[in-house]
Structures are given as C-alpha cells and as structure tokens.
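This report refers to the structure that appears directly beneath it.
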2 protein chains.
Amino acid sequence: MERLPQTLVQLIRVLERLPGIGPKTAARLTFYLFQTPPHFVDEFIKGLRDLKEKLGNCSVCHNIDETDPCRICSQAQRDRSLICVVERPLDVVAIEATRSFSGFYHVLGGVINPLIHVGPDDLQISSLLKRCSSKEVKEIILATNPTMEGEATALHIKKGLEKINKDLKITRIGHGLPMGADLDYADPGTLKEALKGRQVFS
Amino acid sequence: MERLPQTLVQLIRVLERLPGIGPKTAARLTFYLFQTPPHFVDEFIKGLRDLKEKLGNCSVCHNIDETDPCRICSQAQRDRSLICVVERPLDVVAIEATRSFSGFYHVLGGVINPLIHVGPDDLQISSLLKRCSSKEVKEIILATNPTMEGEATALHIKKGLEKINKDLKITRIGHGLPMGADLDYADPGTLKEALKGRQVFS
C-alpha cells in the first residue's frame, strides 16, 4: 500500500474496517469506485449522509426507522399483549418476512458478552422491563440467537421479567432442525434441542 | 426489504452494486454503518468525495494518482527503455511490491472482451503505440493476465507494435507454476506453459 496515493489509502482504510472486508477487497472496491460514474459515488455519499441524518432509534422498541415511534410500534391493529425480543434490527426484518407474527418487538441492540465488555446495562433491557410491567402485556417471546451469548441474555432477561410481572408468560423461540436440513448433518446440540422440542404430530 | 425504511433501502441498493457484495451483505453493512460513530461515516464520505475530486488518470501511463504525470512517470532515475503493459492500476501496485522492476508502466484500463463490448479502441492502446514509436523505448513487457482475454489483448498489441517499431523487443510475462505450488494440483494449461518456459538451472 505504501506506494499508493494517500487519497486511495484513506478510503481503503475506511473500507477495511467494515465487517467481512479485508485489505485486498478494500483495495479492489476502492479502485472499482474510482472508475464508476460520478453519479454513483454521489448516490453513495447521499445514502451515507441520510443514514445518519434521517434515521434514528424508536423510543419504544429501539428499532431503526425514520419516524418515532417506528412504523411497527404505530400499527394499532397489532397485538399489544405480545412482545418479541430480538438482538438486532435485521432480526425484526427476518421475523416480519415470515408474516406470522402480529405482536410488537423489542430490539436489545446486542447480547451480553463479557469478552467485549457488553453488560446488561449496555443493552435495552431496563426499558423492556418497564414495558412489561404493564398488565396489557401477556407474553414475551425471547428470540435472541441460539448462541452461548444469546442464551445467557435470554436467561438474564427471564430472571428480570419474573421479578417484575409474575403473570407474564415467557417463551423462547423454538430450536431444532432448520427446514430442509439433513438429520445426519445436524450437530449434536441442534439434534438434542430438536428432540427436546418435539411436538405432537397433527 | 419491502418493510425497511426507504433511507436504509437506498444505501443497500448502492452497496449491492459493488462487486462481490450481495443483498444480504449489503443489508448487514448498512445496519453496521448505522450504528458506527458519526465520525466514521464522515471519514467514509470524505474518502468517497476525495476519490473523485483529488484523483485522476496520468496522461502518460493512465495509472491513477493525485498528480499528472503520476509519481512513477515523474521518477527520472527509472529506466526509460522499458515499459510494462498491465490491465489495471492494481497490477502496477502488485509489480511495484516486487521491487524488481525499474522501468515505466502503461495501464490499458482493461482487456479486449467482445462479450461485454470492449474493443481495442476502448483501451489505452493507441497512446501505447505512440509512446513506443520513440527510439528511446527498447523493450515492452506485456503483462496482461494469462486469461483468454489477456492473451488476445497481448497478441493484438504485439501486432500493433511490430508495425510501428521493428527494433522493439516484445516480451510476455513468464507463465508457469506459482511459487509454493504443488505440481500434481496444477492444471494442464499451467503445466504446459511451465514446461515451455523452462530455464537453464543455475
């Protein structure tokens, strides 16, 4: 990189810091961007600027949107008794795509992970407990990822919720074999959960 | 994507158009960028703007730089008798990194590829022939990639050069086994070139 113009190095250094982009890809993208028509780079700059200027976190569920409360929290026809707790805004997109959830969401903003110094106070947990103290809320679906950190976070939230609202039904999103999977390729952990989570076949 | 805020979709659509970035990665990068500190996005915007405002192509070798002629073309101690012809600016970086080439470069800006309508006139070939008409130039190293298009482009340039300057030595960059390679994993084409390009062992 030492012999490259500083202007190129500057953009390569920014791109390198994005997840999944290494130095080689960053350099390729930079050279690619150089030879794109100017309007493409203008669109790119506009997209980045709007990202910071037009978007914010919903003060209710902490999802990302242009309005506050967000569009999902503003939908009156949704089921107020049901809240699905997820790690990240993209998880909301994934669940919405199933068209099989009619409740509201709560985006934690991550998971408890002592290794990178993320504790419960760094996540939107206290505001979740506050939402759940309302008698309107009947069930909380904990839909953090089935990873070690996701499980620990779900457990932490469960304990907090039990203290606040004893009538609350607390569920965990189902674990097991993904659709289309092959049994003999599944790892023992998944298979164990699939057996534990077996359902009456109807 | 349909339920995402327009501001997010706008940036996802831009990122998707970059080489090697699909819709999933584009969405992940966009959400990642949303939660980065504002100064990171500012740096990103600055990098993109500078790319178009501060950089240009060298009028001699067509490499990318902040100055014209570029820094390599401005180095008086380089060997004026030698020009290495490459496809892209990144190829110049790769060859410079070897610290074993002291001549000048000529960046074609691509290769002849009828499938995507790139003909000889879309590349910096006429300016190369003009440079080579000077008696100062003694050797041209054709260092286009060893692909079908790269070979065809090298052949096309060779024919053009032979017409213009009969005394010119025209060489092709060596093909063969890459260093550290395993003979029985090499494809027949590479092995054939490696045999043809065998050298006296000294």
Candidates B:ALA143, B:ALA94, B:ALA27; GNM for chain B (alpha-carbon contacts under 10 Å) flags as most fluctuating B:ALA27
Semi-axes in Å, largest first, for the protein assembly as shown (Cα gyration tensor, √(5λ)) are 57, 26, 18
If every Lys and Arg gets +1 and every Asp and Glu gets -1 at its Cβ, then about the Cα centre the range B:9-168 yields a dipole, in debye to the nearest 20, of 60 debye
Under a Gaussian network model of chain A whose springs join Cα atoms within less than 10 Å, the largest fluctuation of A:THR171, A:THR98, A:THR144 belongs to A:THR98
Mean per-residue count of partner chain Cβ within 10 Å for A:4-16 equals 6
Per the rule of 0.36 nm per residue minus the C-alpha distance, extending A:GLN199 to A:LYS159 adds in nm 11.8 nm
For the range A:77-202, using Cα atoms only, the Rg and Dmax in Å read 15.5, 46
Cα extents of the range B:6-53 along the principal axes, largest first, in whole Å, come to 28, 23, 19
Shielding of A:25-31 by other chains, given as the mean Cβ count within 10 Å, works out to 4
Within the under-13-Å Cβ sphere about A:ILE112, not counting A:ILE112, Lys/Arg +1 and Asp/Glu -1 give a net charge of -3
Buried accessible surface, A vs B, both sides, probe 1.4 Å, in Å² to 100, equals 5100 Å²
Out of B:ILE116, B:ILE12, B:ILE164, a Gaussian network model of chain B with alpha-carbon springs under 10 Å gives the largest mean-square fluctuation to B:ILE12
Computed on Cα atoms, Rg of the range A:87-147 relative to 2.2 N^0.38 Å comes out at 1.22
For the protein assembly as shown, the percent of accessible surface on carbon and sulfur atoms (probe 1.4 angstrom, ligands and nucleic acids excluded) is 56 percent
Stokes-Einstein, Kirkwood over Cα pairs, the range B:132-202, 10 °C, 1.306 mPa s; D in µm²/s equals 113 µm²/s
Sorted by accessible surface (1.4 Å probe, heavy atoms of the protein chains only), largest first, A:ARG78, A:ARG172 come out as A:ARG172, A:ARG78
One would report the antiparallel percent of DSSP beta bridges in chain B, rounded to the nearest 5, as 20 percent
Excluding residues fewer than 8 positions from A:LYS166 in its own chain, the lysines with Cα under 28 Å of it are A:LYS130, A:LYS135, A:LYS138, A:LYS158, A:LYS196
When every protein chain stays in place and a 1.4 Å probe is rolled, B:GLU151, A:GLU136 sorted by accessible area with the largest first are A:GLU136, B:GLU151
Over chain A, the sum of -39500 (n - 2.57) across DSSP H runs of at least four, divided by residue number and rounded to 500 deg cm²/dmol, gives at 222 nm -12500 deg cm²/dmol
Under 5 Å from the placed amide H of B:ARG172, counting only residues 5+ away or on other chains, we find B:LEU142
The answer for the net charge of residues other than A:GLY22 whose Cβ lies under 15 angstrom from its Cβ, with Lys and Arg +1 and Asp and Glu -1, is +3
Averaged over residues of B:38-47, the number of beta carbons from other chains lying within 10 Å of each residue's Cβ is 6
So B:GLN75 and B:ASP42, fully extended at 0.36 nm per residue minus their Cα-Cα distance, gain in nm 8.4 nm
Restricting to aspartates and glutamates and to Cα separations under 18 Å from A:LYS169, and discarding same-chain partners fewer than 8 apart, the set is A:ASP79, A:GLU136, A:GLU139, A:GLU151
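The values are calculated or read from the model by the stated rules, or taken from the named source; none is laboratory data. Quick caveat, the model's predicted, so the values are computed rather than measured. All Cβ positions, even for glycine, are placed from backbone atoms using ideal geometry, and neighbour counts span all protein chains on display. The accessibility values were calculated without ligands, DNA or RNA, using every heavy atom of the protein model including side chains. Shrake-Rupley method; radii C 1.70, N 1.55, O 1.52, S 1.80 Å.
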